[in-house]
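Shown next, in structure tokens, is the structure this report addresses.
What follows is calculated from the coordinates using simple rules that are stated; it is not laboratory data. These numbers come from a predicted model, not from an experiment. A quick note on method: Cβ atoms are made from the backbone with ideal geometry, for glycine too, and the neighbour counts reach across all protein chains shown.
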Amino acid sequence: MTKQTLTIEQLELKANDIREDIIKMLEHAGSGHSAGPLGLADIFTALYFDVMNHDPKNVEWEERDIMLLSNGHCVPVRYATMAHAGYFPIKELLTLRQFGSRLQGHPERTRLPGLENTSGPLGCGLSQAAGMSLAMRMNDQHNRWIYVVMGDGELNEGNIWEGAMLAGKEKLGNIIGIIDRNNIQIDGPTEQVMPLEDLKGKWEAFGWHVLEINGNDIEAIIDACAMGRAIHDKPVMIIAHTIPGKGVDFMENDFHWHGMPPNREQAKKALHELRTLGGKIRGEHE
Amino acid sequence: MNIHLIDIHGDIEQLPIRKGFGKGLLEAGKRDVNVVAACADLTDSTQMSLFKAEFPDRFVEIGVAEQNLVTVGSGLAAMGKIPFVSSYAAFSPGRNWEQIRTTICLNDRPVKVVGSHAGVSVGPDGATHQMLEDIALMRVLPNMVVIAPGDAVEAEKATLAMATDNRPTYLRLAREATPVITTADTPFKIGDAYVFKPGNDVTLITTGTMTYQALLAADLLQKDGISAEVIHVPTIKPLDAKTILASVRKTGAVVTAEEGQIIGGLGGAIAELLAEECPTPMKRIGMLDRFGESGAPNELLEHFGLDAKHIRLAAHSVTDRK
């Protein structure tokens, strides 16, 4: 399928729309994770609106790129981005976490076309990507890419490092991992709960090519993915430094918002901030 | 229906059940290019070595990493492969249950989890390696099929059947040489139980290595004047309730036997079925909520009561309660 071409400015506005929907979904659901999905909005916008080959009208397309969300609790950002990309109606986003909804609290592949994996329990995405990559190699498919979005707290899981070892050993060059390096997890800052640094050195030691970027800079995300695709002899890990709660002043960098939704008042405040682009313009719904 | 079996009174060949798996996997690989295999550093032990030698490009060496083993399997299946992933049962599904639950069962990917060296008959390696809880662990998972073949010939058939079935499946294998009681002509279909010996007074329901012991017990019981029906249940889930209930309604007494925990295993499955559909005097032979220990396989089987002698005693006890 031909990709939509959006300018960086248009992509940034798209990411802002997606953030607004994340706030609305979470407030309506009354539970769920706020900080991660807001912080990931730029990465998901870049992936779905620029980086990936995919077709919302043909989700089983055999040439499509694959996107695995390993830390399933961040799925509101995936749902919101998929809706904006045309996988399903935007109004369905408000069914998040409700009985009978295709938008389960944690993603279930079999319920919603376009999801590539079921996740929630952490640490599995990279290994699934390795399996997919090995299958593609056996099938002589060399032009498909697998993007795996992981949390940084998730890297506490041993399963991640088992997958990292295998991908390094097998030189699975069509895997591009993206770590949402927002420095928070449920119990507090990552470096207090379970230190991850030297994170770049760890991945390099496992045989990966590592890029470090500002994960809230859409142009940097697009460039890093392009560079990742140019490196064929190694899997690539992008350490994307993001601001948890990005775009909503009172949520940014506060680990308490990891697993909490906004209440009505907080949502109103957050939406006002997003609609005015942080006070830069006048909101439409004032 | 008469089922073709080897005469257990004559010379009987002994083969490890896992050998049948190795042969079956090689054949499945020849029949379908999408059959692939991955192993966690036990390629010879689990008999995947035959497949690996023939199809090196379709084999993945995972190393000692069982969580990775099954999640890589999930990824292979996502791309249309039919992955068989093997290790010792104590490690897979022993260590990686949640990954099997989320990335295989809930995610509905047809990964074939193969656990070798199940049961106390592993012998000298001791309790850590004698997997007894695998049937229970796998049986509770929605979407999962659970198979424990009775001998090497049946294991080969089960492996071939799994390769053309689109469900997640657990295959339980044993280490030691086990009497070969079935032949190329003995039927095997996933989900079917088989009456290996007809009888009227008590139903002996068994799986895996214990089916041979049940046939021996039926002989002993014959001499005691008790006519035992032996039902071999290679597929523990989905359970062939029809065949089991028909037999139990006729005999009115049941003994189950398996080389695993009686809690949650075959005995548990039959007890659940009968409690709801046909309450019947019943005894379960198996590991009685305890671990094994080092020893020679036969010594251990006798010590823990996993043999024909104990099945016979249990059969007397349930027929007395009728």
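Remark: region B:194-320 carries a charge dipole of roughly 280 debye about the Cα centre, counting +1 on each Lys and Arg Cβ and -1 on each Asp and Glu Cβ.
When a/c reaches 1.5 or more, the comparison of a/b and b/c decides; with that in mind, is region A:135-247 rounded, prolate or oblate per its Cα gyration tensor? Oblate, because a/c is 1.5 or more while a/b does not exceed b/c. Ordering A:230, A:207, A:277 by Cα displacement along the dipole of region A:190-286 toward the positive end leaves A:277 in first place; charges were set at the Cβ atoms of Lys, Arg (+1) and Asp, Glu (-1). Taking amide hydrogens as placed 1.01 Å from N in the peptide plane, the amide H of residue A:148 sits under 5 Å from those of A:68, A:176, A:177, A:178, each at least 5 positions away in sequence or on another chain.
Expressed as a rounded percentage, what relative contact order does chain A have, with Cα pairs under 8 Å and six or more residues apart? The value is 23 percent.
Restricting the trypsin sites (Lys or Arg not before Pro) of region A:186-280 to loop positions (DSSP other than H, G, I, E, B) with no more than 10 neighbouring Cβ atoms within 10 Å leaves A:280.
The radius of gyration of the Cα set in region A:149-196, together with its Dmax, comes out at 12.1, 35 angstrom. Take the alpha carbon atoms of region B:270-301, find their center, do the same for region B:218-251, and report the distance between the two centers in whole angstrom. Between the Cα centre of region B:270-301 and that of region B:218-251, the gap is 15 Å.
Which of rounded, prolate, oblate describes region B:194-320, given a ≥ b ≥ c as roots of the alpha-carbon gyration tensor eigenvalues and a/c under 1.5 marking rounded, otherwise prolate only if a/b is larger than b/c? It is oblate, given that a/c is not under 1.5 and a/b is not larger than b/c.
Which helices, counted as full DSSP H runs in chain A, have an axial Cα extent of no less than 24 Å and a Kyte-Doolittle average of -0.5 or above?
A:8-29
Close amide H partners of residue B:285, meaning residues 5 or more places away or on another chain with modelled amide H under 5 Å apart, are B:256, B:257, B:258.
Suppose every K and R has +1 on its Cβ and every D and E has -1 on its Cβ; what is the size of the dipole of region B:14-179 about the Cα centre, in Debye to the nearest 20? Can you show the working numbers first?
Numbers: 17 positive and 18 negative charges, 62 e Å.
In total the dipole reaches around 300 debye.
Between amide H atoms placed 1.01 Å from N, distances below 5 Å from residue B:82 occur with B:35, B:36, all of them 5 or more places distant or on a separate chain. Placing +1 on each Lys and Arg Cβ and -1 on each Asp and Glu Cβ, with no other charges, gives the protein assembly as shown a dipole about its Cα centre of roughly 1260 debye. Secondary-structure-derived ellipticity at 222 nm for chain B, considering helices only, amounts to -10000 deg cm²/dmol, per-run term -39500 (n - 2.57) for DSSP H runs with n ≥ 4.
Once you have a ≥ b ≥ c as the square roots of the Cα gyration tensor eigenvalues for region B:14-179, tell me rounded if a/c is under 1.5, and otherwise prolate or oblate according to whether a/b is larger than b/c. Present the calculation step by step, with values, prior to reporting the outcome.
Numbers: a/c = 1.42, a/b = 1.11, b/c = 1.27.
Rounded is the answer for region B:14-179, as its axis ratio a/c remains below 1.5.
Quick one: net charge of residue A:9's neighbours, Cβ under 14 Å, K/R +1, D/E -1?
On the way: positive: A:14, A:280; negative: A:12, A:17, A:42, A:50, A:217, A:219.
Its environment carries a net charge of -4.
Short-range pairs are left out: with C-alpha atoms under 8 Å and at least six residues apart, the relative contact order of chain B is 19 percent. Mind pulling the angle between the C-alpha long axis of helix B:241-251 and the longest principal axis of chain B? Nearest 10 degrees, somewhere in 0 to 90. With rounding to tens, the tilt is 20 degrees.
Among the listed pairs A:14/A:91; A:91/A:280; B:30/B:237; A:57/A:171; B:19/B:242, those with a Cα-Cα distance over 23 Å are A:91/A:280; B:30/B:237; A:57/A:171; B:19/B:242.
Taken one residue at a time, the phi angles of region B:108-117 give Karplus couplings (6.51, -1.76, 1.60, θ = phi - 60°) of 6, 10, x, 7, 9, 8, 10, x, 8, 6 Hz. Gly and Pro are set to x.
Remark: mean inter-chain Cβ contacts per residue of A:166-175 equal 2, using a 10 Å Cβ-Cβ cutoff to other protein chain atoms. Here the Karplus curve 6.51 cos²θ - 1.76 cosθ + 1.60, taken at θ = phi - 60°, turns the phi angles of region A:198-215 into couplings of 7, 5, 4, x, 4, 5, 4, 5, 8, x, 9, 8, 10, 10, 10, 9, 7, x Hz, with x standing for Gly and Pro.
Report note on the peptides A:169-176, A:83-90, B:96-103: ranked by the mean count of other C-beta atoms within 10 Å, highest first, their order is B:96-103, A:169-176, A:83-90. Hydrodynamic radius of region B:153-268 by the Kirkwood approach over all distinct alpha-carbon pairs: 14.8 Å. The mean of 1/r over all distinct Cα pairs in region A:8-275, once inverted, gives the Kirkwood hydrodynamic radius of 18.3 Å.
Loop-located chymotrypsin sites (Phe, Trp or Tyr not before Pro) in region A:210-281 (DSSP state other than H, G, I, E, B) with a sparse environment of at most 12 neighbouring Cβ atoms within 10 Å: A:250.
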